[in-house]
Amino acid sequence: MANSLTAASPTYWSDAAGKKFYKTQLFKSICNFGEESKVADDGRIIDRPYRSDVVAENYTKGTALTAQDLTYTQDLLTIDQQYSMLMYVDDIDKIQNKYNTVRLWSEEAGERLAAKLDAKVLYEAYNATSDLDSSDLGGTAAEGIALSVSNVYQIFGEANEQLDALNIPQENRYAVISPLFKNKLWQFIQGKESNLGDKTGEYGNIGRYAGFDLFLSANHTVAARWTPADNPTDEDTITIEGITFTFQSVMGTAAGSILQTTSMAVTIDNLVALINAGGVGDDTNYYSLSTANKRTVQNWVAYDGTTYFEVRIKGATSITVSGSVAADTWDAKYQNQVLQFGHRKAIDVAVQNKSSQTGVIDVQMASTVSAGKRGTNVMPLLLAGVKTYYVGLDELVKILVRTDS
């Protein structure tokens, strides 16, 4: 005997669709928005020129001094960050779906756009005057710090020293730390939350330590360096976050193909160019990635080291890389989380197209009937500028922490 009764059991729908968790955006807490009003209605560039220094010198009575040159230098914030996405919902689905599909995905779109801007702000660590790497804790320059419970407190001391040396005010210093960093700090203070003081109530704030307001983020930059032993040969590959790049002696049409030239430096140039073009190929030296992978690499920055290639992924905490040739290394000491310590309002942000009343990013919806479809296109737009002005560069510290810590 074999009963089959499943068909008699009803399926019930929850009152709400499954929740999603989004990255916390910190830029509202640490950035300066004072210039934003200037471009609220029009304009593209905000210039905040910086001044040359004058030097105090000895003066001898009756002896003329030579006038020192006074100069202003242009320093521009440009509204050049343009983020959007296109979503389509058919009228039949709007009628028959249990949930408000347009509203749910519009809300998610707002979170995704804000997270992209936040990642751009945290990438500003690369413009910092000061930096901390392994050499500051007795290791080798340009290598990441092997963070541990026994050395995590030193990061704060070193960062404070660098900011102090540049005369940055003690108050309003902040540290954007990763989950990895938080874990080491938590173990160091032995889980005594009182050692972090009171939380401020700001997005991502988890307390205060060594004079820094602590902000937890999983949206900073992570970097990795590939150093080939020599010029890649035909059909050699490297893979970054599941995206494969194939070096070819004769340019092919497979997605991610890179022309392998007679020069390692030029071959690396081609790889860098493809990534920094957002995965769009020139069909001569590199071939386009798939549509999905283009969307992924838009969050990457490729750095050309001539003899090595570095990829920086904005909005990430870890990175997965591999290659087909063992001698071509992805060395762990160069796989780093890039953290940002600094002084509040060092980074300027101006969002141009948000409502002055609600602060909500502009979302346009339009019928698709004219295109022969009964439905609605939904397309949000975030138009913004991010700039660390000249003086603000001294207010930031870039910190490299090995991802394998």
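Table: residues versus (1) assigned by TED's automatic domain parsing to the domain that holds Glu171; (2) among the aromatic types (Phe, Trp, Tyr); (3) closer than 30 Å to Gly372 by Cβ.
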site	(1), (2), (3)
Phe27	no, yes, no
Asn32	no, no, no
Val55	no, no, no
Ile79	no, no, no
Asp93	no, no, yes
Trp105	no, yes, yes
Asp118	no, no, no
Ser130	yes, no, no
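Taking region 150-183 as the search range and keeping residues that are in a loop (DSSP other than H, G, I, E, B) and not aliphatic (A, V, I, L, M), which one is surrounded by the most Cβ atoms within 10 Å (Cβ to Cβ)?
Only one residue fits best here, namely Ser178.
Would you confirm, using the coordinates I've provided, whether Val280 is surrounded by fewer than 22 Cβ atoms within 10 Å (Cβ to Cβ), in contact (Cβ under 8 Å) with a residue 60 or more places away in the chain and aliphatic (A, V, I, L, M)?
No; evaluated as a whole, the condition is false for this residue.
Are any residues in region 283-296 in contact (Cβ under 8 Å) with a residue 40 or more places away in the chain and farther than 17 Å from Ala224 by Cα, and if so, which ones?
Leu289, Asn293
Which condition number in (1) aromatic (Phe, Trp, Tyr); (2) more than 22 Å from the chain's Cα centre (by Cα); (3) in a loop (DSSP other than H, G, I, E, B) is the one that Trp186 fails?
(3)
Which one of these does Phe21 not meet: (1) closer than 30 Å to Thr200 by Cα; (2) surrounded by 10 or more Cβ atoms within 10 Å (Cβ to Cβ)?
(2)
Are there any strands (runs of 3 or more DSSP E) wholly within region 360-405 with 3 or more residues that are over 30 Å from Arg225 (Cα atoms), and if so which?
Here the list reads 363-367, 375-387.
Could you check region 196-219 and list, in sequence order, the residues that are at pLDDT 95 or above, touching a strand residue (DSSP E or B) at 6+ places or on another chain (Cβ under 6 Å) and not in a strand (DSSP E or B)?
Hits for region 196-219 are Gly211, Ser217.
Kindly indicate which of Thr262, Thr233 is over 19 Å from Leu400 (Cβ atoms), in a loop (DSSP other than H, G, I, E, B) and out of contact with any strand residue (DSSP E or B) (no Cβ under 9 Å at 6 or more places or on another chain).
Thr262
If Val391 meets every condition in (1) farther than 18 Å from Phe27 by Cβ; (2) in contact with a strand residue (DSSP E or B) (Cβ under 8 Å, 6 or more places away or on another chain); (3) without any contact (Cβ under 8 Å) to a residue 40 or more places away in the chain apart from one, which number is that one?
Only one criterion in (1) farther than 18 Å from Phe27 by Cβ; (2) in contact with a strand residue (DSSP E or B) (Cβ under 8 Å, 6 or more places away or on another chain); (3) without any contact (Cβ under 8 Å) to a residue 40 or more places away in the chain is unmet by Val391, namely (3).
Answer yes or no as to whether Asn299 is farther than 24 Å from Ser178 by Cβ, outside the structural domain of Leu180 (by TED's automatic domain parsing) and touching a residue at least 24 places away in the same chain (Cβ under 8 Å).
no
Which one is nearest to Glu36 (Cα to Cα) among residues in region 78-102 that are under 30 Å from the mean Cα position of the chain (by Cα) and not in a strand (DSSP E or B)?
Ile79
For region 30-44, how many residues are without any contact (Cβ under 8 Å) to a residue 40 or more places away in the chain and either in a helix (DSSP H, G or I) or within 22 Å of the chain's Cα centre (by Cα) (or both)?
Count: 1.
Yes/no matrix, rows are residues, columns are (1) modelled with pLDDT of 95 or more; (2) out of contact with any Cys (no Cβ under 6 Å at 6 or more places or on another chain); (3) closer than 23 Å to Val222 by Cβ; (4) not polar (S, T, N, Q):
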position: Asp282; (1), (2), (3), (4): yes, yes, no, yes
position: Leu289; (1), (2), (3), (4): yes, yes, yes, yes
position: Ala327; (1), (2), (3), (4): yes, yes, no, yes
position: Ser356; (1), (2), (3), (4): no, yes, no, no
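Cβ-Cβ below 7 Å, separation at least six or inter-chain, first residue in region 254-271 and more than 17 Å from Val311 (Cβ to Cβ) and crowded, with 23+ Cβ neighbours inside 10 Å, second among the basic types (Lys, Arg) and modelled with pLDDT of 95 or more: which pairs?
none
I need a count of the residues in region 151-166 that are out of contact with any Leu (no Cβ under 7 Å at 6 or more places or on another chain) and either closer than 18 Å to Gly204 by Cβ or in contact (Cβ under 8 Å) with a residue 24 or more places away in the chain (or both).
Summing the residues that are out of contact with any Leu (no Cβ under 7 Å at 6 or more places or on another chain) and either closer than 18 Å to Gly204 by Cβ or in contact (Cβ under 8 Å) with a residue 24 or more places away in the chain (or both) in region 151-166 gives 7.
Output the strands (runs of 3 or more DSSP E) that fall wholly within region 267-354 and possess 3 or more residues being within 18 Å of the chain's Cα centre (by Cα), or say none.
300-304, 309-314, 336-343, 348-351
The values are calculated or read from the model by the stated rules, or taken from the named source; none is laboratory data. Here the structure is a predicted model, which is why all the values come from computation and not from measurement. Don't worry about glycine lacking a Cβ; one is built from the backbone with ideal geometry, like all the others, and counts go over all protein chains shown.
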